[in-house]
Amino acid sequence: MHGLMTQLARRHDLTAVTLLSDEFDADECRRAMQAYCREVVMVPNRYGREGLTKRLLQFRSLASTRSFERLLYRLPALQQTLDRLLRARRFDVVNLEFTFLGHYDVRQAPPGETPSAVVVDSHNIDYDLARQYARDSSSLVRRLYAEANWRKLRREELAIYREADGVYLCSPSDERRLLDEVPGVCTAVIPNAADLEYYQPCSNDPAPDGRTVVFFGHLSYPPNVDGVNHFLRDIWPRIAKAHSKARCKIIGGQPPPSLLALAGPRVEVTGFVQDLRPHLAAAAAVVVPLRQGGGTRLKIVEAMAMGKAIVSTTLGAEGIQAVPGRDILVEDQPANFGDAVNRLLAEPDLAARIGRSARQLAVERYGWREGARALEGFYRRILLQVGD
């Protein structure tokens, strides 16, 4: 969202309306977003906290026809804010981030004017992601809960897609999934991208150390937690046995206790880091051992932009137009995944060659500037259709 908004703001006026959870500093967020937004309006989310509040809401959702996500983001204060803004000034496009906000009334305009076009940014097919949780959770209670919730979420999500003037997705695979469910919806693929000026190899970067394997990503996100657990349990022992000096570094904010417990002499869980780039530069390889998820992975395009050799699962690399063996290594079986990492540790020239090819691919296809241009074109197409 930041990448697209900063680029769009160079040619357009943006107003941002966002829910604010307790974990964020409102003044800091507002100052940061005002660098590229004409106006920033923040609405506190009383449900946006972990612990008892979340658990009570989940329990309430069991007796509701609505999904947990619908209840989580159902705040009268947000609708009141949207009413005030949309009735005071006409916007060309209302861009909804996530279908979770699709139940709000955003087809409004000042008296006598035509309501804005409504476009949904579908980061994932969220009900499909929830269905994966139901299938893969190790907890019977969580499986049963997720099984009930994803069906509600599917009904709500598909209704939002049908009502929108357009939907853009991160990957061709997700676009096909959506069109199979809702034929005829106007869609576009706007892949995740990287800030190519920020993420790039520099002469003063630390050199790859030949032994450190890095995973990075937000560690409160279930697919990342599952991927890290899978890597450390099923893949890392094969790497550690083959390379006595190998080290694994897990980088990301809000790691759960289950991941912190896996840290040891050769496994470091850093938590959040202010600047990823030195960690990536010093890494011998980046791993993306994901078994769940949708869309495309920011972690892959950012590591590609830094010129790093990456080993990913097929699902982890889904939607990225990288050639296996040239731009990335792709393996799904734990033994093969481990052997691919071992190759990169043993053959630094191979890692360097794959990293250079990955950087070139990122420059050609995965910059935010190109993504914003494509999104502008989609907006224009939607506005022409709405005008007709």
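Remark: the stretch 1-123 projects, on average over all directions, an area of 8.5 nm² (convex hull of Cα atoms).
For the chain, the percent of C-alpha pairs falling in each 10 Å distance bin, counted from 0 to the bin holding the largest distance, reads 5, 21, 31, 27, 14, 3, 0, 0.
Taking every DSSP beta bridge that has both ends in the chain, the antiparallel portion is near 5%. Taken over the stretch 313-363, the percentage of Cα pairs per 5 Å bin, counting from 0 up to the bin with the maximum distance, is 5, 20, 28, 26, 17, 4, 0.
Based on Cα contacts under 8 Å between residues 6+ apart, the stretch 296-367 shows a relative contact order of 43 percent. For the chain, modelled as a GNM whose springs connect Cα atoms under 10 angstrom apart, the maximal fluctuation among Arg151, Arg31, Arg369 occurs at Arg31. Considering only Leu361, Leu259, Leu153, the mean-square fluctuation computed in a Gaussian network model of the chain, springs between alpha carbons under 10 angstrom, is largest for Leu259.
Per-residue SASA remark: Met5, around 40 Å² accessible (1.4 Å probe; ligands, DNA and RNA not included). Summing +1 for each Lys or Arg and -1 for each Asp or Glu among the other residues whose beta-carbon sits under 14 angstrom from that of Arg31 gives -3.
Sorted largest first, the spans of the alpha carbon positions of the stretch 152-260 along the three principal axes are 55, 36, 25 Å. Mean residue ellipticity at 222 nm, helices only, the chain: -13500 deg cm²/dmol; runs of at least 4 DSSP H residues each add -39,500 (n - 2.57), and the sum is divided by the number of residues. Across the accessible surface of the stretch 1-89, with the other protein chains kept in place and a 1.4 Å probe, carbon and sulfur atoms take up 51 percent. Taking the convex hull of the alpha carbon positions in the stretch 296-388 and averaging its projected area over all directions gives 6.7 nm².
What is the list of residues in the stretch 317-345 whose amide nitrogen lies under 18 Å from a point 7 angstrom out from the Cα of Leu179, following Cα to Cβ? Backbone N within reach: 319-321. Counting lysine pairs in the chain that sit 8 or more residues apart in sequence, or on different chains, and whose Cα atoms lie under 19 Å apart gives 5.
In Å², what does the accessible area per residue of the stretch 96-195 work out to with a 1.4 Å probe? Accessible area per residue, the stretch 96-195: 44 Å².
The values are calculated or read from the model by the stated rules, or taken from the named source; none is laboratory data. Values in this document were obtained by computation on a predicted structure and should not be read as measured data. Here Cβ is always computed from backbone atoms with ideal geometry, including for glycine, and neighbour counts include all displayed protein chains. Just so you know, the surface numbers come from the protein's heavy atoms only, side chains and all, with ligands and any DNA or RNA stripped out. Shrake-Rupley method; radii C 1.70, N 1.55, O 1.52, S 1.80 Å.
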